[in-house]
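S.K.: Pasting in a structure now, in structure tokens, and then I'll have a few things to ask.
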Amino acid sequence: MRQRRDFKRLEGVKSARLIVIAAEGRDTENIYFEAMKASLCASGVHVEVLHRNDDESSPGNVLTQIVNFKNEYNIEEDDQLWVVVDRDKWKSKMLSSVARYCAQNNNLYFCVSNPCFELWLLLHLEDVTKYDEHKMKKLAANKKNSKHGETWLKKTNEDFIGTLPRV
């Protein structure tokens, strides 16, 4: 059996809590979580964001990514491993299966943004109650732009994402 490695935690902190995030998206989610990590001021916490290099982003693949991390490193009792996915295109059965697996395993947590991470991000960064009727209709419809295939929310969030520090 292969020996698990110790995860390198914060220097000067004997046993910092480790929070590992594996997200469905390759761009928006990682930019947001890396910016959050950079601004985090909790000395007893280390945040690690796992990046994807492919488009294999089903909830099952995100779960596999975090389980592989868990199998590679020694995880302490108070460490948290998060699976972050969108509700938008995945079947309830798949989401339920991943949620059940996380609930039955120590350290694993499941987070679903409904319908998509971009909506969560927008609501986190902007007061949509100030939107006029036209903009609210665009938000509710969240139609895809036929030229680029990106949704209204994704396009709208590009302005916010551009203000977040890249690390």
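Quick note: the coordinates plus some simple rules give every number you see, no bench work behind them. The shown structure was predicted, so the numbers you read here are calculated from the model rather than taken from an experiment. Neighbour counts are summed over all protein chains in view; Cβ atoms, including those assigned to glycine, are modelled from backbone coordinates with ideal geometry.
S.K.: For a quick check: with amide H placed at 1.01 Å from N, whose amide H comes under 5 Å from residue 46's, ignoring anything fewer than 5 positions away on the same chain?
M.R.: Residues meeting the amide H criterion: 17, 18, 19.
S.K.: Short version: ³J(HN,Hα) in whole Hz for each residue of region 114-121, in order, from phi by Karplus 6.51 cos²θ - 1.76 cosθ + 1.60 (θ = phi - 60°), x for Gly and Pro, what are they?
M.R.: Result, rounded to whole Hz: 10, x, 8, 4, 4, 5, 4, 4.
S.K.: What trypsin sites (Lys or Arg not before Pro) does region 53-142 have in DSSP loop regions with at most 12 other beta carbons within 10 Å?
M.R.: Numbers: sites: 70, 87, 89, 91, 93, 100, 130, 135, 137, 138; in loops: 87, 89, 91.
Passing both the DSSP loop test and the Cβ count: 89, 91.
S.K.: Still on this structure: Could you compute the net charge surrounding residue 110? Neighbours are other residues with a C-beta less than 15 Å from the C-beta of residue 110; K and R count +1, D and E count -1.
M.R.: Numbers: positive: 70, 87, 93, 100; negative: 24, 29, 86.
Combined, the nearby Lys, Arg, Asp and Glu give +1.
S.K.: Convert each backbone phi in region 51-64 into a coupling constant with the Karplus relation 6.51 cos²θ - 1.76 cosθ + 1.60 (shift: θ = phi - 60°), then list the ³J(HN,Hα) values in order as whole Hz, x for Gly and Pro.
M.R.: 9, 10, 10, 9, 9, 7, 10, 5, x, x, 5, 5, 4, 4
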